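The values are calculated or read from the model by the stated rules, or taken from the named source; none is laboratory data. Only a predicted model underlies this, so the values are computations on that prediction, with no experimental measurement involved. Every residue, glycine among them, receives a Cβ derived from its backbone with ideal geometry; neighbour counts consider all protein chains shown.
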Amino acid sequence: MKKAVYPGSFDPITLGHTNIIRRAAAVCDNLTVCVMVNSDKNYMFSTEERLDFAKRSVKDFKNVTVECFDGLLADFMQHTGCNVIIKGLRTTDDFNFEVQMDRINKKLYGKLETIFLAADPELLHVSSTVAREMIRYGRGVEDYLPPEIVEIINTDKCLGGNNDGWER
Ligand code: PNS
């Protein structure tokens, strides 16, 4: 497989995402991680931060690049001349949703195919949602985020400050 795109919100990028990136990059020549906008979501991190975190997390992967796109995934694929989308699946809910997305994307651009990679069983509990909760409440994110991002979160007092719900 020549080229593939792994799209997502990456709010923030997690160890689950980097696991999918590593496995997808092993079976294609070039993988583009596309930091996108999901209009249903209010993001904790700005587009610039999500992009920066993703770039730092994949810096050691030789055939992976990171881009950012605010628009339809099908349009990004068509503009970049790539037909293969990579999606990671953790739950049956993910599967049911992503099968619909596959259908919608195909209707928008008929050449598209989505390849699903099942999450590594050891990372099934890892999600951006859980990582954000840990950050909000000042708990460690070492089990959820790549080390490069943990370092940033831990030194950013705005995000990693003590917020355990108790008034002091
Ligand atoms: O990490 P997420 O939030 O599950 O990623 C979802 C994402 C960003 C890949 C998806 O919302 C998306 O493709 N957004 C771009 C707009 C689009 O193409 N929507 C599909 C038609 S409804």
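Overview of values
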| item | result |
| --- | --- |
| Odd one out for LEU72 among (1) over 15 Å from the mean Cα position of the chain (by Cα); (2) surrounded by 15 or more Cβ atoms within 10 Å (Cβ to Cβ); (3) of a type in the set (A, V, I, L, M) | (2) |
| Unique match (being closer than 13 Å to GLY16 by Cα and β-branched (Val, Ile, Thr)) among VAL150, VAL126 | VAL126 |
| Count of region 52-64 residues which are within 15 Å of the ligand (Cβ to nearest atom) and either assigned to a strand (DSSP E or B) or out of contact with any strand residue (DSSP E or B) (no Cβ under 8 Å at 6 or more places or on another chain) (or both) | 2 |
| Residue selected from region 23-51 under the condition touching a strand residue (DSSP E or B) at 6+ places or on another chain (Cβ under 7 Å) and assigned to a helix (DSSP H, G or I), by the criterion nearest to the ligand (Cβ to nearest atom) | ARG50 |
| Residue ID - farthest from GLY8 (Cα to Cα), chosen from residues in region 92-108 that are surrounded by 14 or more Cβ atoms within 10 Å (Cβ to Cβ) and charged (D, E, K, R) | LYS106 |
| Positions within region 100-133 being within 14 Å of the ligand (Cβ to nearest atom) and acidic (Asp, Glu), in sequence order | ASP102 |
| Condition check for ARG136: closer than 21 Å to CYS28 by Cα, away from the ligand (no atom under 11 Å from the Cβ) and at pLDDT 95 or above | no |
| Neighbours by Cβ (under 7 Å, 6+ apart or cross-chain): first from region 72-99, more than 11 Å from VAL5 (Cα to Cα); second of a type in the set (Asp, Glu) and near the ligand (Cβ under 9 Å from one of its atoms) | LEU89/GLU98 |
| Breaking point among (1) touching a residue at least 12 places away in the same chain (Cβ under 8 Å); (2) loosely packed, with under 14 Cβ neighbours inside 10 Å; (3) over 19 Å from LEU31 (Cβ atoms), for GLU122 | (1) |
| All positions within region 1-22 that are more than 10 Å from the ligand (Cβ to nearest atom) and assigned to a helix (DSSP H, G or I) | LEU15, GLY16, THR18, ASN19, ILE20, ILE21, ARG22 |
